[in-house]
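Peer 1: Quick one: structure below, then a few questions.
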Amino acid sequence: MTARTQKAQVANRLAEGAAKQPRFGGIVWRLSRRTSGWALPLAGRRWNPMFAQVLHRGRRSGRAYQTPVAARRMADGFIISLAFGAQVDWHRNLEAAGGGAIRWRGRDYEVGGPEMIDGDEALPAFDPVQRLFLRLAGIDGYIRVRDVAVVTR
């Protein structure tokens with residue numbers, strides 16, 4: 001094997017493992033960072049079944065955070081879209097802690113650690129309008145978090 005072949009193989013492995021570029025050049029991500037302060041009070045409310053709040057603690061700081069996410073209730077937990085990939089802080093915090101809480105429709109649900117699932121399994125949980133937007137945005141990452149307990153606040 002020549003040095004050139006070895007370099008090509010390493011480059012191919014790096015390209016395969018690299019994260020996909022954000023759709024629309026990261027504009028949606030930047031917009032969501034600026035508007036999350038407005039979205040947070042709307043998410044998790046009794047009258048809003050489309051969005052939930054993920055309640056989690058920082059991996060290093062231990063600080064409590066709330067993050068608005070698109071989520072759907074299932075019989076044993078929730079399906080959440082990873083609109084910005086699995087590298088987002090709230091997802092990494094849930095993984096590190098082995099769970100957290102989801103505020104949905106005015107109730108808090110303690111949940112276990114996230115499990116990656118594919119779109120074929122996740123999309124039927126969302127209503128048709130949400131499915132359309134998830135497909136248009138090119139979102140292909142989803143997690144399932146299973147209930148540990150229901151806590152009323």
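Bear in mind these aren't lab numbers, they're just calculated from the coordinates by the rules spelled out. All values derive from a computational prediction rather than experimental measurement. Neighbour counts run over all protein chains shown; Cβ positions are idealised from the backbone, glycine included.
Peer 1: Tell me whether the stretch 72-153 comes out rounded, prolate or oblate; compute the Cα gyration tensor, take square roots of the eigenvalues as a ≥ b ≥ c, and use a/c under 1.5 as the rounded threshold. All intermediate terms of the calculation are to be shown ahead of the outcome.
Peer 2: Details: a/c = 2.02, a/b = 1.37, b/c = 1.48.
Oblate shape, in that a/c is at least 1.5 and b/c is the bigger or equal ratio.
Peer 1: May I ask you to derive the FRET efficiency for residue 136 and residue 47 from their Cβ-Cβ distance with R0 = 35 Å, giving the value to the nearest 0.05? Let's see the in-between values first.
Peer 2: Working: r = 25 Å, r/R0 = 0.72.
Rounded to the nearest 0.05, the efficiency is 0.90.
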